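Sending over a structure as structure tokens; questions will come in a sec.
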Amino acid sequence: MSGPLFDEAKALDAADPLAAERKLFAIPAGSDGQPVAYFTGNSLGLMPNSVRAAVEQELHDWSTLGVDAHLSGANPWFSYHERFRETGARLVGAKPGEVVMMNGLTANLHFMMASFYQPSGTRTKIMVEDALFPSDDYAVESHIVHRGLDANANMIRLRPREGEDTLRTEDVVDAIEEAGDTLALVMLAGVQYRTGQWFDMPAITEAGHRAGAMVGWDCAHAAGNVPLHLHDCDADFAVWCSYKYLNSGPGAIAGCFVHERHGANADIPRLAGWWGNDPQTRFKMEPGFVPRVGADGWQLCNPPILAMAPLAASLEIFDRVGMPALREKSLKLTAFLERAIHEVAPTARIVTPTDPQQRGCQLSISFGDRARAIRDALQQHGVVADFREPDVIRLAPVPLYNTFEDVARAASAIALVSAAASA
Ligand SMILES: *Cc1c(COP(=O)(O)O)cnc(C)c1O
């Protein structure tokens, strides 16, 4: 493939300081046997090649040591989750001890709401977006019902203004002020999965606290995509999954952040299990839960080691490269995609905010009645993208393994359909 866009892409790839990272990943092949241009890392991130050896190590320890691997394995299983204490904290801008990897995302959201949604008196409502991811919607609703309250009356759903695609920070803040002392919890997405909007997390968290509410963030599309500062933005809790931008495999072990002011508070009601208990007394096998300090105190089960190993392999890459370097490339890659789309499909409407500070890598593009033809053209050209009814295509160029040439490939496939439409 050739043309000015490809020439420019090749020059940008040649100058990319992170270009070598791509070699660490398994890139699926298309029908022509060539690597696809993979733009769905926001749905399932690609496999780091190092995952195989990481899982193999745990299989080896299991097969050769049996139960003794809990203490004498290469990565002792007894304290396995502590491998993520530092790397997990750096990933999301937390202090060591504020992050724990456990369960799945929705499960973690439930555990967090069990602790941080405490309706009392007039303060019973949870503020969410109207376009909330369905699993989060079900989880929030079920907690309200679980406390014997009416879900409809106690969910405040935020909608963009008429004719707009994304929420304005000032409108979110106004809605919080208006809800005032009826508001128990604000629970929003860090980065919105459909529009790609990155919310002003510090401003919204502050507004929530001013109203006397707890504030939690679902960072499913934010973790590993944008630099987060969960501690400094003062969030009460956050949850995320690890199979999207974090490349840790289908159904990977999720993440959970609990601010240190709560982590040290043993009186917070929680759904407890033995792995959240102080390890000094865990094996005394006696009643009387003594939570360990920090996010670790919300663990229930002994961790699934075979599922934790890919996460360890993947976070090693994130930790070595660092979110600042990833963000730097991400800004360039997404800006290149944005410009290419404007060039090849000038009538397409990019739903994602144009301000780079209000988005991560993903662009959601509304193509109107050409959407299906474009989806087919992308497929034919080995470009893996995600189509959402009725007319939106989401493209997520991720800085670890996508190239500028991938972007040129997507743009040239879109150009073919646009040219045919105007011919
Ligand atoms: C991907 C995603 C989920 C998926 O939930 P799981 O519990 O991991 O299956 C939930 N919420 C949001 C916002 C997501 O983006």
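Read-outs throughout are calculated quantities, based only on the coordinates presented, and are distinct from any laboratory measurement. Treat the numbers as computed from the prediction; the structure is a model and nothing was measured. Cβ sites come from the backbone with ideal geometry, for glycine too, and all protein chains shown count toward neighbours.
Which value, in debye to the nearest 20, gives the size of the charge dipole of the chain about its Cα centre, when Lys and Arg are +1 and Asp and Glu are -1 at the Cβ? Mind dumping the intermediate values first?
Details: 36 positive and 52 negative charges, 105 e Å.
I would put it at about 500 debye.
Please list, short to long, the whole-number percent of alpha-carbon pairs of the range 1-114 in consecutive 5 angstrom bins beginning at zero.
Histogram of Cα-Cα distances, whole percents per bin: 2, 8, 9, 13, 17, 15, 12, 10, 7, 4, 2, 1, 0.
Provide the percentage of antiparallel DSSP beta bridges, counting only those with both residues in the chain; round to the nearest 5. All intermediate terms of the calculation are to be shown ahead of the outcome.
On the way: 22 of 40 bridges.
Taking every DSSP beta bridge within the chain, about 55 percent pair in antiparallel fashion.
7 Å from Cα along Cα→Cβ at both LEU59 and LEU44: what's the point-to-point distance in nm?
Going from the LEU59 label point to the LEU44 one covers 1.9 nm.
Percent relative contact order of the range 55-320, based on C-alpha pairs within less than 8 angstrom and at least six residues apart? Present the calculation step by step, with values, prior to reporting the outcome.
Values: 483 pairs, mean separation 60.9, N = 266.
Relative contact order, the range 55-320: 23 percent.
Specify which residue in the list GLN362, HIS342, PRO279 is farthest towards the positive end of the charge dipole of the chain, using unit charges on the beta carbon of Lys, Arg (+1) and Asp, Glu (-1), about the Cα centre.
PRO279
Thinking of the range 302-423 as a set of Cα atoms, what percent of all their pairs are more than 26 Å apart? Write out the running numbers ahead of the final one.
On the way: 2200 of 7381 pairs.
More than 26 Å apart: 30 percent of the Cα pairs in the range 302-423.
Only four residue types carry charge here, +1 at the Cβ of Lys and Arg and -1 at the Cβ of Asp and Glu. Report the dipole size of the range 228-272 about the Cα centre in Debye, rounded to the nearest 20. Let's see the in-between values first.
Working: 3 positive and 5 negative charges, 51 e Å.
Approximately 240 debye in magnitude.
What is the antiparallel percent of DSSP beta bridges lying wholly in the range 117-248, to the nearest 5?
Values: 2 of 17 bridges.
Around 10 percent antiparallel, to the nearest 5.
Positive end of the dipole of the chain, charges at C-beta (+1 Lys, Arg; -1 Asp, Glu), about the Cα centre: which of TRP77, ALA235, ALA385 has its Cα farthest in that direction?
It is TRP77.
Under 25 Å from the Cα of LYS332, which lysines turn up, not counting those fewer than eight places away in the same chain?
Reachable lysines: LYS10, LYS23, LYS244.
Separation of the range 180-238 and the range 111-150 by C-alpha centroid, Å?
Computed from Cα coordinates, the inter-centre distance equals 15 Å.
I've got another one for you. Exposed loop GluC sites (Glu not before Pro) only (DSSP loop, at most 16 other Cβ atoms within 10 Å): please give the longest stretch of the chain free of them, not including the sites. Could the numbers behind the result be given before it?
On the way: sites that count: GLU162, GLU164.
Free of exposed loop sites, the longest segment is 165-423.
Give the separation of the Cα centroids, the range 379-402 to the range 1-42, in Å.
14 Å
Now, a different point. Give me the three principal axis extents of the range 243-314 from the C-alpha atoms, as integers in angstrom, largest value leading.
Principal-axis extents of the Cα atoms in the range 243-314, largest first: 37, 28, 17 Å.
For the range 55-320, what is the convex hull (Cα atoms) projected area averaged across all directions, in square nanometres?
Details: hull surface 58.2 nm².
With every direction weighted equally, the projected area is 14.5 nm².
With each label point set 7 Å from Cα along the Cα-Cβ vector, what nm distance links GLU170 and TYR138?
If labels sit at GLU170 and TYR138, their model points lie 3.9 nm apart.
Which ³J(HN,Hα) values in Hz, rounded to whole numbers, follow from the phi angles of the range 401-407 under the Karplus curve 6.51 cos²θ - 1.76 cosθ + 1.60, where θ = phi - 60° and Gly and Pro get x?
Computed from phi, the couplings for the range 401-407 are 10, 7, 10, 5, 5, 4, 4 Hz.
Exposed loop trypsin sites (Lys or Arg not before Pro) only (DSSP loop, at most 11 other Cβ atoms within 10 Å): please give the longest stretch of the chain free of them, not including the sites.
1-160
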